[in-house]
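S.K.: For reference, the structure I am asking about is given below.
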Amino acid sequence: MITDYFKIDELLTTEQKLIRDSVKAWVDKNVLPIIDDANHKHESPIYLIKEMGELGVLGSFIPERYGGSGFDQITYGLIMQELERGDSSIRSTASVQTSLVMYPIFEFGTEEQRKKYLPKLASGEYIGAFGLTEPNHGSDPGSMETRFTDKGDCYLLNGAKMWITNAPVCDIAVVWAKDKENRIKALIVEKDFEGFSRPETLKKWSLRASVTGELVFDNVKVPKENLLPNISGLKGPMMCLNSARYGIAWGVLGAGFDCFNTALKYSSERQQFNKPIASFQLIQKKLAEMLTDLTAAQLMALRIGQLKNENKATPAQISMIKRNNVNTALKAARESRQILGAMGISGDFPIMRHMMNLESVITYEGTHDIHLLITGNDITGIPAFK
Ligand code: TGC
Ligand code: FAD
């Protein structure tokens, strides 16, 4: 098993390694035995969220006084890596809860909102969702149609969000909507609010162990105290995405290395033409290139983690690494699947499951091409989106 070709562990603190190893042990015990079945059945093991809360992986960088763990950004990344080694759906739950629900409440909310929601989200008592994408607006969230109007004693919310992780099982959703001046704001919508429904999106061939759905608002009355007061504009959801995209850049390393190691072991044992297939140059090329690319992606993750800890990581750097690392992991999954031949499609190995999951990860949180355009904009000063 190779997961650290460049001795990156020597650059981690004892605490970072201890936390990483405890999450690894938890994944081995609780995720690996059930995850293939969950994917086959298209069922989410969302019951694991309470244990994830006990483990301290929900709100890992949120201060302890709000129920979080107060860990640094590299620890957050290492946690995401171990969770996604289990399955992208497990990492998705932790990253949505942490970066897309707890982070905006912590960063843009009032003290009352923090105290009311953060401890319950940290423990897993509450499940959170993040509503940005709409049926007509995915890559271009600035054109969203969901709106709220001021009715004096409350806000009235109308519209719909689509492709929302954990929507059908969420207790609260952080929903981005426009006010009458077209300013993008965030509202906390609770599951029991009248007029709020959350239909499930079925028949997914990817992230089958994660529940996805819509958030539909039909004249939903939202109490005024549920508006996050300290943010206005598209930069609000984008700041949340910076955090989640960073976590994904680490997370996919878990899936990528799991594929690589599965292929390495299989190719050492599988004999064809009276030799292990690992002895053939074409197999070695695949393995060597995979490890090179995964190791480079790992080093990028560590460096961006250091920059995040110093509050110096730019959104464009995060876009670059999200794009690079997801693509690297997906390529590793595709190459590994080939190395296993027919066995590559079997549920006895994790490769096809990771590969199908990564086909979502390369699209959500900004598509592969959108991140390329963000890099293009950053280096030329010319936005090519429009
Ligand atoms: P643009 O004109 O470039 O910017 C508008 C305002 O937003 C600010 N901004 C950012 N601020 C902080 N961080 C970033 N990354 C930012 N990107 C943009 C910008 O400075 C500006 O601020 P201001 O104050 O000047 O107004 O925006 P645009 O309309 O041209 O759109 C470009 C952009 C960046 C939105 C687009 O390229 C993009 O990123 N689209 C992707 C959308 C996306 O990622 N959606 C993700 C939905 S959530 C999700 O997928 C969760 S999956 C979870 C899981 O299960 O793990
Ligand atoms: P589109 O924006 O319609 O893009 C389609 C294609 O056009 C892409 O290839 C794209 O790169 C390309 N394209 C678009 N604009 C340009 C351009 N200017 N130049 C060149 N090419 C362009 N969203 C949430 O808000 N919350 C969630 O929790 C969430 N969870 C998700 C879970 C899953 C499993 C999936 C699959 C998606 C989830 N999403 C979520 C939605 C996700 O963020 C969007 O799917 C993503 O942002 C892309 O939007 P879209 O699917 O509408 O694609």
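Please treat every number below as a calculation from the coordinates, not as lab data. All values derive from a computational prediction rather than experimental measurement. Cβ placement follows ideal geometry from the backbone for every residue including glycine, while neighbour counts extend to all protein chains displayed.
S.K.: Take Met343, Met300 and order them by how many other Cβ atoms sit within 10 Å, fewest up front.
M.R.: Met343, Met300
S.K.: Towards the positive end of the charge dipole of the chain, with charges on Cβ (+1 Lys, Arg; -1 Asp, Glu), say which of Ser279, Cys240, Ala173 has the farthest Cα.
M.R.: Ser279
S.K.: Would you mind checking which residues have amide H under 5 Å from Leu207's amide H? H placed 1.01 Å from N; only 5 or more apart, or other chain.
M.R.: Asn357
S.K.: Please sort by residue number the GluC sites (Glu not before Pro) in the range 281-359 whose DSSP state is loop and whose Cβ has at most 10 other Cβ atoms within 10 Å.
M.R.: Glu310
S.K.: Still on this model: Just the number, please: percent antiparallel of the DSSP beta bridges in the range 87-178, rounded to the nearest 5.
M.R.: About 50 percent, rounded to the nearest 5.
S.K.: Rank the residues Phe257, Phe108 as a footprinting-exposure proxy: fewest other Cβ atoms within 10 Å of their Cβ go first.
M.R.: Sorted ascending by nearby Cβ count, the order is Phe108, Phe257.
S.K.: Continuing with the same structure: Quick query: amide H of Thr133 versus all other amide H atoms, modeled in the peptide plane; which residues come in under 5 Å with a sequence gap of 5 or more or a different chain?
M.R.: Residues meeting the amide H criterion: Met162.
S.K.: If I model the range 235-380 as equal point scatterers sitting on the Cα atoms and use the Debye formula, what is log10 I(q)/I(0) at q = 0.14, 0.20 Å⁻¹?
M.R.: Those come out to -0.67, -1.11, one per q.
S.K.: Something else about it: So which residue, out of Leu294, Leu330, Leu18, gets the largest mean-square fluctuation from a GNM of the chain using Cα contacts under 10 Å as springs?
M.R.: Top of the fluctuation ranking is Leu18.
S.K.: While we're here: Let me know the charge dipole size of the chain about its Cα centre in debye, to the nearest 20, where only the beta-carbon of Lys, Arg (+1) and Asp, Glu (-1) is charged.
M.R.: 660 debye
S.K.: Follow-up. Compute the length gained on full extension between Asp37 and Lys285: take 0.36 nm times their separation in residues and subtract their Cα-Cα distance, giving the result in nm to one decimal.
M.R.: 86.0 nm
S.K.: Taking the DSSP beta bridges in the chain as the whole, what percent of them are antiparallel, to the nearest 5?
M.R.: Close to 85 percent.
S.K.: On to the next question. In angstroms, what radius of gyration and Dmax does the range 8-127 have, counting Cα atoms only?
M.R.: 14.3, 43
S.K.: Using alpha carbons only, how many degrees (0 to 90, rounded to 10) separate the axis of helix 73-86 from the longest principal axis of the chain?
M.R.: Helix 73-86 sits at roughly 60 degrees to that axis.
S.K.: Let me ask something else about it. Over the Cα atoms of the chain, how large are the radius of gyration and the largest Cα-Cα distance (Dmax), in Å?
M.R.: Considering the chain through its Cα atoms, Rg and Dmax are 20.9, 79 Å.
S.K.: Next up: Calculate the translational D of the range 129-228 in whole µm² s⁻¹ from Stokes-Einstein, where the hydrodynamic radius comes from the Kirkwood formula applied to all Cα pairs, the temperature is 4 °C and the viscosity 1.567 mPa s.
M.R.: Answer from the Stokes-Einstein relation: 96 µm²/s.
S.K.: If you keep only loop residues by DSSP, which trypsin sites (Lys or Arg not before Pro) in the range 283-383 have at most 15 other Cβ atoms within 10 Å of their Cβ?
M.R.: Counting only loop positions with at most 15 other Cβ atoms within 10 Å, the trypsin sites (Lys or Arg not before Pro) in the range 283-383 are Lys312.
S.K.: How far is helix 32-41 tilted, in degrees, relative to the longest principal axis of the Cα atoms in the chain, given as a value from 0 to 90 rounded to the nearest 10?
M.R.: Here the helix axis deviates by roughly 70 degrees.
S.K.: Please identify, among Ser346, Ser88, Ser123, the residue showing maximal mean-square fluctuation in a Gaussian network model of the chain using a 10 angstrom Cα cutoff.
M.R.: It is Ser346.
S.K.: Then there is this: With a cut-off of at most 10 other beta carbons within 10 Å, and DSSP calling the residue loop, which trypsin sites (Lys or Arg not before Pro) in the range 182-237 qualify? Please list them.
M.R.: Hits after loop and neighbour filter: Lys203.
S.K.: Only Cα pairs within less than 10 Å get springs; with that Gaussian network setup on the chain, which residue of Tyr246, Tyr47, Tyr117 has the largest fluctuation?
M.R.: Tyr47
S.K.: If you don't mind, another one. Work out from phi, with θ = phi - 60° and the Karplus expression 6.51 cos²θ - 1.76 cosθ + 1.60, the ³J(HN,Hα) of each residue of the range 95-104, listed in order in whole Hz, and give x for Gly and Pro.
M.R.: In residue order, the calculated couplings are 6, 5, 4, 7, 8, 9, 10, 5, 4, x Hz.
S.K.: For Glu15, Glu134, Glu194, what ranking results if the residue with the fewest other Cβ atoms within 10 Å of its Cβ goes first?
M.R.: Result, fewest neighbours first: Glu194, Glu15, Glu134.
S.K.: Helix 235-269 versus the longest principal axis of the chain: what angle, 0 to 90°, nearest 10, using Cα atoms?
M.R.: Its long axis makes an angle of about 20 degrees.
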